[in-house]
Every structure is written in structure tokens, then in C-alpha cells.
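Shown next, in C-alpha cells, is the structure this report addresses.
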Amino acid sequence: MTPTEQTSERDWFKSSYSSNNAACVEVRSAGGTVGVRDSKNLGGPVLAFTGPAWSRFVTLLRTDPR
């Protein structure tokens, strides 16, 4: 993601499972890249995943018993 995309507030969303304690992340899809950021630090760093890497990551989260 470009620095402009990191700071833009458009299209970021939180999971509907997020609680009110602000301990969650926000996700955004832009230009074939999925960005993930800390909802408490909107101007902070953004992790960027390719579409396939994001799919593998989410699949692992859903299937790993830990």
C-alpha cells in the first residue's frame, strides 16, 4: 500500500465480532492488496498482504485450534 492508502479512512472496516474494548484490527482491500491496521493507532503501520496470502492467513486462523 502507498503512504496515501495507509492514511486514508475510506474503505477500512472492523469485524462485526469486534468488542467495544477497542482491541481489534481494521481491514481494507485496495488494488489487489489487503491492508491490516490497529484500530487504536489509525496512523500507524499497515501490514499488507497479497490476496492469496490473506486467504491463507484467514484460513489458518479459522482452522488452527490454538
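The values are calculated or read from the model by the stated rules, or taken from the named source; none is laboratory data. Values in this document were obtained by computation on a predicted structure and should not be read as measured data. With ideal geometry, Cβ positions are generated from the backbone for all residues, glycine too; neighbour counts draw on all protein chains shown.
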If you check Pro65 against the conditions, is it modelled with pLDDT of 90 or more and assigned to a loop (DSSP other than H, G, I, E, B)?
-> no
Test for Ser29: is it assigned to a helix (DSSP H, G or I) and modelled with pLDDT of 85 or more = no
Scanning the stretch 43-57 residue by residue, the ones that are within 18 Å of Phe13 (Cβ to Cβ) and either polar (S, T, N, Q) or more than 11 Å from the chain's Cα centre (by Cα) (or both) total 5
Taking the stretch 27-47 only, how many residues are more than 20 Å from Tyr17 (Cβ to Cβ) and either in contact with a strand residue (DSSP E or B) (Cβ under 8 Å, 6 or more places away or on another chain) or among the aromatic types (Phe, Trp, Tyr) (or both)?
-> 5
